[in-house]
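First up is the structure itself, then whatever we jot down about it.
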Amino acid sequence: EKHWINFRSLLDFSNSKEEYAASPTALFNLDNPDLASYQSLSQHYDNQSFYTKNAVAYVWRQHAWTFSEEYNFTFQQTHFNTDLYGSETGFWSPIPGDYHNQLRYQTSSNALHSKISFKAKRWSFNLNLPLNWTTASLIDKENNKRDSNRKLFLSPTFYAQYVASL
């Protein structure tokens, strides 16, 4: 009889700030009167993201049988902000209206993977029972809107193999 315990963890954080400028705006053929009056446009983009994936697994073997239990936790959160500025005389001013974004996107997943395997001389069997609980939410601060979704997935698989000749 053999036993294994395995731990995995991954963390990632990123922060990206970018700025885009365009001048003259007449080159873009803008039909929007809110934007057509500006000689130059500038967009500020800010994206902050955090991601983590963690798992713990316990595997044990007894003769031709192998049993495995693994728990995974994944979490991701992203803050996404944009602002649009216009310039008519060299001074930048925020453009009023729907030209700003303040979004927060968040997902998390809890997964339990159970697996039973059997391997003999001619036969092998695998039964997988993954259970996954996933949530996702989007918050739009600029428009004061929220949306979230939760799903539970069970997607079992069974595999059998027989080797006729050795």
Determine the pairs where a residue that is modelled with pLDDT of 70 or more, located within segment 26-38, has a partner that is surrounded by 11 or more Cβ atoms within 10 Å (Cβ to Cβ) and of a type in the set (Val, Ile, Thr) with Cβ atoms under 8 Å apart, the partner being 6 or more residues away or on another chain. ASP34/ILE95; LEU35/THR25; LEU35/ILE95; ALA36/THR25; TYR38/THR25; TYR38/ILE95
Looking only at segment 51-70, decide whether some residue is in contact (Cβ under 8 Å) with a residue 12 or more places away in the chain and more than 30 Å from ASN126 (Cα to Cα). yes
Here the qualifying pairs (Cβ atoms under 9 Å; residues six or more apart or on different chains; first in segment 139-154 and at negative phi; second open to solvent by less than 100 Å² (accessible area, probe 1.4 Å) and of a type in the set (D, E, K, R)) come out as ILE139/ARG104; ASP140/ARG104; LYS141/ARG104; ARG146/ASP140; ASP147/ASP140
Being farther than 30 Å from TYR162 by Cβ and open to solvent by 70 Å² or more (accessible area, probe 1.4 Å), is that true of even one residue in segment 115-127? no
Out of the residues in segment 131-166 that are hydroxyl-bearing (Ser, Thr, Tyr) and part of a loop (DSSP other than H, G, I, E, B), which is surrounded by the most Cβ atoms within 10 Å (Cβ to Cβ)? SER155
Against the condition β-branched (Val, Ile, Thr) and either open to solvent by 70 Å² or more (accessible area, probe 1.4 Å) or within 18 Å of ASP98 (Cβ to Cβ) (or both), how does THR25 come out, does it pass? yes
Considering only segment 70-85, I want to know if a residue exists there that is out of contact with any Cys (no Cβ under 8 Å at 6 or more places or on another chain), among the acidic types (Asp, Glu), surrounded by 15 or more Cβ atoms within 10 Å (Cβ to Cβ) and part of a strand (DSSP E or B). yes
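The values are calculated or read from the model by the stated rules, or taken from the named source; none is laboratory data. Just so you know, these numbers come straight off a predicted model, no measurement behind them. So basically every Cβ, Gly included, is an ideal-geometry build from the backbone, and we count neighbours across all protein chains shown. Heads up: the accessible areas ignore ligands, DNA and RNA and are worked out on the full protein's heavy atoms, side chains in. Shrake-Rupley method; radii C 1.70, N 1.55, O 1.52, S 1.80 Å.
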